[in-house]
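J.: What follows is a structure written as structure tokens; I'll ask about it next.
The values are calculated or read from the model by the stated rules, or taken from the named source; none is laboratory data. None of these values were measured; they are calculated from a predicted model. Quick reminder, even Gly has a Cβ in these numbers, built from the backbone with ideal geometry, and neighbours come from all protein chains shown. Each accessible area value is taken on the protein alone, full model and side chains, heavy atoms only, with ligands, DNA and RNA left out. Shrake-Rupley method; radii C 1.70, N 1.55, O 1.52, S 1.80 Å.
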Amino acid sequence: MGCSDLCGGRADGIDTECEPVNQEAPSLNALVHGGDLVSAAKRYGVAREAWIDLSTGINPCAYPVPHLEASCFQQLPYQSRDFEAAVTAYYGSSAFVACNGSQQVIELLPKLLPTLPVLLPALGYQEHCKSWRKAQRGVGSLFYYSAIDQVAAIERIESQLRLNKPFHLVLINPNNPTGLLFSVERIVDWASRMPEGGFIIVDEAFIDLHPEQSVLSDYHAFQQASNLLVIRSFGKFFGLAGIRLGFLFGPASLLRKVAHGVGPWSVNGPAQSVAIAALNDHCWHGRNRASIERNSDITVSLFRPLLTRIGAEALGASALFSSWWINRKQATSLYTFFAERGVLLRIIDGEAESADFAGLSVLRLGSIDAEDKCRLARLIQVINDYILALD
Ligand SMILES: Cc1ncc(COP(=O)(O)O)c(C=O)c1O
């Protein structure tokens, strides 16, 4: 199964494998994984360095990697006090385990938490669903809520709570790709009403633009809850996904198990050194928030004429991506046209969410660095060429 990084189950609660429903468009499922420029280069004959990569939600203006001491490469990477202090100050909690990208804990948690039914977003970062399915070895124990309709999602979660039977709840907050967001108050309230044994796992990979929306921003409530787990990704906001750094925040008893699971050296020395500089650099955080928003606005405005032309409808957004419903056949030709010209887009099978979306896919657009005039000009050219080709 060539499952890509984003798809899901059905919001009617039925567990489905991640196969494309529409067999007429098999090429959708054969698309290059978001951010996989190695495969893209091979398939489309465009050198890896030449790509304009809009296929991820990674900040295109990365934190400038500082000069690193040789010792961070030479010594075993036991976590330094400076690292722990920088993490605690930036995220607002010292109750964490650092890991090799948040992906590592997404894979690990289902193996460590009690085996229970799991309620997940019907559309979202697919590694959650994949990891639970693998750990629980079966279909039937995974249920879904809408990742698009907030009212329906809340009702689905509330009705599960009312059953008063233990389950785990996965929230991707904000959701990638739909942008669905639950408030801190609501999540804390759900945590207080979770039946004994169940955990709420909140994946906040895209929250850094709005730290006040993080569950960690209400430190007191977070500390009180013994069933609230928060996953943070370093790679997105800092634009440094390659160093593989993520964090799990939660109750001490679970963190001990997770620490054991990830092992002593899951975060390498250079990653720790870069993180200390980046997490402590408050000036850069402020400048970067502004530049992410500017780049996102510019990217959307460049695509707007094309999106209007093909009848795309806004699905949702976070500051690091915007998502659009587009016709499934259009999606394939759009993707191919852009890829052949060195622009990698991200197309997601939108059909899994609901039968109402039959024939539609999701185009998720990352951002371009608008200061990179050369790439900007190339992107404008490709967009214009595509519009011309439609005429
Ligand atoms: C919602 C979400 N969570 C987690 C991850 C994993 O990120 P990383 O392992 O780089 O921290 C991703 C990657 O795209 C994501 O979209």
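J.: Just to be sure I understand, how many residues within segment 88-98 are more than 18 Å from L228 (Cβ to Cβ) and either charged (D, E, K, R) or open to solvent by less than 60 Å² (accessible area, probe 1.4 Å) (or both)? Spell out the reasoning first.
T.: So the first thing to find is which residues in segment 88-98 are more than 18 Å from L228 (Cβ to Cβ), and the list is 89-90, 98.
Narrowing further to those that are either charged (D, E, K, R) or open to solvent by less than 60 Å² (accessible area, probe 1.4 Å) (or both): 90, 98.
Adding up the residues that qualify gives 2.
J.: Answer yes or no as to whether R287 is touching a helix residue (DSSP H, G or I) at 6+ places or on another chain (Cβ under 7 Å), within 30 Å of E371 (Cβ to Cβ), surrounded by fewer than 22 Cβ atoms within 10 Å (Cβ to Cβ) and basic (K, R).
T.: Details: touching a helix residue (DSSP H, G or I) at 6+ places or on another chain (Cβ under 7 Å): no; within 30 Å of E371 (Cβ to Cβ): yes; surrounded by fewer than 22 Cβ atoms within 10 Å (Cβ to Cβ): yes; basic (K, R): yes.
When the stated conditions are applied, R287 does not pass them.
J.: Quick one: in segment 369-391, which of the residues that are under 12 Å from L306 (Cβ atoms) and among the aliphatic types (A, V, I, L, M) is surrounded by the most Cβ atoms within 10 Å (Cβ to Cβ)?
T.: L379
J.: So, in segment 89-109, how many residues would count as being farther than 26 Å from C129 by Cβ and touching a strand residue (DSSP E or B) at 6+ places or on another chain (Cβ under 8 Å)?
T.: Final tally of qualifying residues: 2.
J.: Please specify each residue of segment 321-338 satisfying the condition of being closer than 30 Å to D203 by Cα and either among the small types (G, A, S) or open to solvent by 10 Å² or more (accessible area, probe 1.4 Å) (or both).
T.: Correct list: S322, S323, W324, W325, N327, A331, T332.
J.: Here are some residues: D149, D218, D189. Which one is open to solvent by 20 Å² or more (accessible area, probe 1.4 Å) and over 19 Å from P251 (Cα atoms)?
T.: D149
J.: Given the criteria in contact with a helix residue (DSSP H, G or I) (Cβ under 8 Å, 6 or more places away or on another chain) and either at negative phi or modelled with pLDDT under 95 (or both), does G2 qualify?
T.: Numbers: in contact with a helix residue (DSSP H, G or I) (Cβ under 8 Å, 6 or more places away or on another chain): yes; either at negative phi or modelled with pLDDT under 95 (or both): yes.
Criteria met by G2.
J.: Next up: Please go through segment 39-76 and give me each residue that is among the hydrophobic types (A, V, I, L, M, F, W, C) and open to solvent by 80 Å² or more (accessible area, probe 1.4 Å), ordered by number.
T.: Initial filter on segment 39-76 (among the hydrophobic types (A, V, I, L, M, F, W, C)): 40-41, 46-47, 50-52, 54, 58, 61-62, 65, 68, 70, 72-73, 76.
Within segment 39-76, V65, F73, L76 qualify.
J.: Restricting the search to segment 206-259, which residues are more than 16 Å from the ligand (Cβ to nearest atom), of a type in the set (S, T, N, Q) and without any contact (Cβ under 8 Å) to a residue 60 or more places away in the chain?
T.: Q224, S226, N227, S253
J.: Quick one: count up the residues across segment 236-267 that are polar (S, T, N, Q) and under 22 Å from the mean Cα position of the chain (by Cα).
T.: 1
J.: Hey, which of the strands (runs of 3 or more DSSP E) in segment 83-151, taking only ones fully inside, have at least 2 residues that are within 14 Å of the ligand (Cβ to nearest atom) and within 21 Å of S233 (Cβ to Cβ)?
T.: Numbers: elements: 96-99, 118-121, 142-145.
Answer list for segment 83-151: 96-99, 118-121.
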